[in-house]
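Note sheet for the following structure.
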Amino acid sequence: MSDTSSVKLIRYTDPTRQSLAHAAAVYLGKPDTDNVKRPLNIIKKGDTLAIFRGESARFEFRTSKVVYDHLITYTTMNMRACGGLRANEATVFVPPVEDDDPIYKEIGEAHLEAYRKLVHGIDPQTEDPIHKKRLQAARSVAPVSVELHYMMEFNFTTLIEAVFPQRIWTPGAQLDTRHVVMKMFALIREEDPELWDLIHDYYGPEAQAWKRLRMKLKLDQPELYEKLMAEYGVVRSMWD
Ligand SMILES: Cc1cc2nc3c(=O)[nH]c(=O)nc-3n(C[C@H](O)[C@H](O)[C@H](O)COP(=O)(O)OP(=O)(O)OC[C@H]3O[C@@H](n4cnc5c(N)ncnc54)[C@H](O)[C@@H]3O)c2cc1C
């Protein structure tokens, strides 16, 4: 089944990286507040991502409510706006991306039609005119996978530490949500490829795999693990 979701980036707060550069200079007590390379060094050193919490990306989505339900779990999201099924009438059923059997579309659209008939004052069982039902009551019979139109804004730290790792950089997320979050990453990467490629390298799939690799190596090959740690694993204090 094809992916029908749409994602737009409608606001990216720091395309020139000047705002991050200023915060990074203050954070490290440096005078050159326009050094746009300094935020990159913060990523490379693995320092706190506090300055990245001050920048954000606002997205506008048209996805199934199933995907919306996944994205809304991020409590550290900056804002969201969604008319939802109380203020808006759902008109589009979104079939599952995992299975292209037409049975989902047939059943889903029949349920959506029943909901819409209730809203427009038609009894879906007899086709007789009835008193128009309120959207908030009629939605109880709508399918879960209807299209929603909404906006969400995430700060960069939430994207780097929670949304991207959980939904695209480690396996486990549902395919439809994965597609949407991949679009989110591609859109912000376009704004500042140097920054987001570096973030991908330091926090992306390789870095996530490395975390698991370390524990596996420690258990399976303790001698090799000790040797690698002694040779490459020494961490120095920033004050040395
Ligand atoms: C594959 C997958 C399956 C999932 N399955 C389920 C499921 O079955 N049921 C379900 O309910 N959810 C499920 N979730 C959602 C998941 O539990 C999280 O709610 C969601 O991914 C948000 O993650 P988060 O807490 O890291 O993000 P955020 O809420 O954005 O938080 C980011 C980070 O901020 C910190 N933080 C946030 N709030 C606080 C606080 N109050 N105090 C201190 N620190 C805080 C934490 O370090 C947190 O990791 C699933 C998620 C994934 C990726």
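Just a few scattered comments:
- Measuring r between the beta carbons of residue 136 and residue 79 and using R0 = 35 Å, the FRET efficiency lands at 0.90.
- Normalised contact order of the stretch 73-203, rounded percent, pairs of Cα under 8 Å and 6 or more residues apart: 29 percent
- Legend: distances between Cα atoms for 37/183; 45/216; 45/65; pairs beyond 32 Å are 45/65.
- Rounded tilt (10° steps) of 18-28 against the dominant C-alpha axis of the chain: 50 degrees
- Approximate spin-label separation residue 103-residue 226, in nm, with each point projected 7 Å along Cα-to-Cβ: 5.8 nm
- The stretch 86-162: GluC sites (Glu not before Pro) in DSSP loop, at most 12 other beta carbons within 10 Å: 98, 127
- Normalised contact order of the chain, rounded percent, pairs of Cα under 8 Å and 6 or more residues apart: 24 percent
- With R₀ set to 51 Å, the beta-carbon distance separating residue 206 from residue 92 gives a calculated FRET efficiency near 0.85.
- Pairwise centroid distance, computed over Cα atoms, of the stretch 14-64 with the stretch 75-140, Å: 42 Å
- Cα convex hull volume per residue for the chain (Å³): 150 Å³
- Against the chain, whose longest principal axis comes from its Cα atoms, helix 222-232 is set at around 70 degrees.
- Label point 7 Å beyond Cα of residue 30 along Cβ direction - residues of the stretch 52-88 with amide nitrogen under 13 Å: none
- In summary, the aspartates and glutamates within cross-link reach of residue 105, defined as a Cα separation below 15 angstrom excluding same-chain residues under 8 places away, comprise 3, 113, 147.
- For 215, 184, order by how many other beta-carbon atoms lie within 10 Å, fewest first: 215, 184
- Loop exposure criterion: trypsin sites (Lys or Arg not before Pro), DSSP state outside H, G, I, E and B, at most 14 other Cβ atoms within 10 Å. Applied to the chain, the longest stretch between such sites is 135-235.
Where a number appears in this text, it was derived from the coordinates with a stated rule and is not lab data. Worth saying up front: this structure is predicted, and the values here are computed from it rather than measured. Every residue, glycine among them, receives a Cβ derived from its backbone with ideal geometry; neighbour counts consider all protein chains shown.
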